[in-house]
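Just so you know, all these numbers are worked out from the coordinates, no wet-lab data involved. Note that this is a predicted model, so its numbers are computed, not measured. In this analysis, Cβ positions are derived from the backbone assuming ideal geometry, glycine residues included, and neighbour counts consider all displayed protein chains.
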Amino acid sequence: DSVLTIDASFALGHDMKGTILLKQGDYEMAREAFLRAVTLKPDFAIAWYNLGQVERDLGNLKEAKKYLDKSIALQDDLSKAYFERAAVLKSLGDREEAIDDYDKIISMNGERYMEAFLNRGLTKKMLGDYGGALFDLNKAIEEFPDNPELRKNRGNVYMLLGLHRKAIDDYTNAITQNNNYEEAYYNRALAHFLIYDKVSGCTDLEKSAALGFEKAIEAQLYFCGR
């Protein structure tokens, strides 16, 4: 504010102010600051990106995409803009286009490279491309072998492929990394039931339910009678 009092035409100052306001959750004032920044400097790619973030957080997905498109048009190597746009595209149901954005991030081999593999894999799973999803999750796990969420997600893909014992191995790894991973216990229980191991399945459901996972509480009554 002090800098802008001296020079109200300082676009970077408005963008920085908007970033602070965004972190404080003041979306309307942040939007106003970013709009001022791009009005003063129409080729300000980061400010357009920040506007896209504001609109996405507010649920205005089409507006968010418009601003992110503008940001990428001005700076085609801005990986975080591709990442943000991919999230918006998925929310709009345009999953194939989201994959295109993840492809672009991966091709850059820079910031958010491995995160793009994970998200591209999850998007492929939504589209029914389980082989493609497995490939991407394998790449992410090569980089982060002890990440329980990655293991759980790969376990889910193995389940969809009918590879229940491989799924159990991944859920077990996830639980080893996070002993309170309620969803991994629940998913491992389902995998146990699919290989006719009711005892192990009910044990996992009991653990998941004890951790407060609602699906496990309901499933206990159905599968285990309690």
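Summarised as an ellipsoid, segment 18-79 has semi-axes of 17, 13, 9 Å, derived from the eigenvalues of the Cα gyration tensor scaled by 5 and square-rooted, with the largest first. Straight-line reach from K207: taking Cα to Cα under 29 Å and skipping same-chain neighbours fewer than 8 places apart, the lysines in range are K125, K152, K166, K198, K215.
How many angstrom separate the Cα center of segment 6-85 from the Cα center of segment 196-221? That distance is 46 Å. Rank E84, E55, E143 by mean-square fluctuation in a GNM of the chain with C-alpha springs under 10 angstrom and give only the top-ranked residue. Result for the chain, Cα springs under 10 Å: E143 fluctuates most.
Rounded to the nearest 0.05, what FRET efficiency do D7 and D76 give with R0 = 25 Å and r taken as the Cβ-Cβ distance? Could you check? Each step should come with its number before you reach the end.
Working: r = 30 Å, r/R0 = 1.20.
The computed FRET efficiency comes out at 0.25.
Give me the extension gain from E96 to D69: residue separation times 0.36 nm, minus the current Cα-Cα distance, reported in nm with one decimal. Walk me through the numbers before you get to the answer.
Values: separation 27, 0.36 × 27 = 9.72 nm, distance 1.62 nm.
This chain segment gains 8.1 nm when fully extended.
The radius of gyration of the Cα set in the chain, together with its Dmax, comes out at 22.2, 73 angstrom.
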